[in-house]
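All of the numbers you see were taken from the coordinates with simple rules; none came from a lab. This one's a predicted model, so the numbers in the text were calculated from it and none came from an experiment. A quick note on method: Cβ atoms are made from the backbone with ideal geometry, for glycine too, and the neighbour counts reach across all protein chains shown.
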Amino acid sequence: MSGVMIITGGGRGIGAATSRMAAARGYAVAINYLADTAPAEQLAEDIRLNGGKAFAVQGDMTRLADIENLFKQTEKNFGPLSVVVNNAGITGKSSRLDAASPETIAQVIAINTTGAILVAREAVKRMSTRYGGKGGVIVNVSSAAASLGSPGDYVWYAASKGAIDSLTIGLAKEVALEGIRVVSVTPGMIETEIHDRSTGDAAQVDRIRPMIPQQRIGTADEVAEAVLFLASEAASYITGSTLRVSGGR
């Protein structure tokens with residue numbers, strides 16, 4: 001077995017693709033989800049039917065009690081952690097900043113930034129040799145929006161992911177001698193349900209496609225490949241870095 005992996009927001013999109021791929025490559029996978037029980041449970045069942053190890057865990061990654069429970073349940077089922085994929089996130093409805101509600105902005109920051117920091121905090125407490133852990137890898141899922149700014153779409157989301165880039169750099173330096181690598185993957189425009197479910201802008205994909213040098217939208221599997229590479233021993237000398245998966249944009 002390759003190890004034990006937690007994937008927050010693992011029931012759909014990039015998280016689901018990563019869950020499937022990780023399980024196929026020998027990881028025991030804990031699939032966290034917020035509210036959509038059926039897809040997450042079905043994903044876990046599919047993995048088990050294909051000979052893999054997986055279970056689904058409901059939890060709100062803005063709540064410390066839910067984060068702690070996710071880690072406890074994972075270790076109870078599979079043992080010590082190897083990798084934590086910090087993937088849970090939302091965009092909020094697309095608009096200019098001055099048209100966005102304070103509630104939307106606060107929710108995005110709570111999930112994408114504060115939640116991710118709390119998940120990383122718990123991962124360090126579990127994996128760091130400072131606390132008796134065996135080391136591991138934290139893979140943060142950022143976004144090309146962090147450097148593009150996403151004007152007219154969701155600058156607050158871009159800001160939340162800019163914070164993830166800073167988290168990756170700073171935390172990597174902080175725990176470099178404690179057996180933990182901290183890295184991030186930076187997806188560009190990827191074909192997932194987030195464009196309909198979160199942004200409310202189904203036309204966004206077609207609008208942005210011409211701006212991408214490769215002139216196509218990426219797939220969740222292409223991002224998952226990057227996550228699995230960064231989590232692997234093949235990336236053992238990579239920490240504090242981000243791998244951009246954006247078709248050149």
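Within the chain, the longest segment free of exposed loop sites, counting GluC sites (Glu not before Pro) that fall outside DSSP classes H, G, I, E and B and have at most 16 other Cβ atoms within 10 Å, spans 1-190. How high is the relative contact order of the chain, in percent, with contacts defined as C-alpha pairs under 8 Å that are six or more residues apart? Relative contact order here is 19 percent.
Note on Leu97 and Arg63: the extension gain reaches 9.6 nm, defined as 0.36 nm multiplied by sequence separation minus the Cα-Cα distance. In a DSSP loop and with at most 16 other Cβ atoms within 10 Å, the trypsin sites (Lys or Arg not before Pro) in segment 28-98 are Arg63, Lys93, Arg96.
Treating r as the C-beta distance of Ile117 and Glu191 and R0 as 35 Å, the FRET efficiency rounds to 0.80. Only helices reaching 30 angstrom along their own axis (Cα) with mean Kyte-Doolittle hydropathy no lower than 0.0 count here, and not one DSSP H run of the chain does.
Please work out the Cα center distance from segment 88-118 to segment 210-225, rounded to the nearest Å. Using only Cα atoms to place each centre, the spacing works out to 24 Å. Straight-line cross-link reach from Lys125 at under 22 Å between alpha-carbon atoms covers these lysines, not counting any fewer than eight positions away in the same chain: Lys72, Lys76, Lys134, Lys173.
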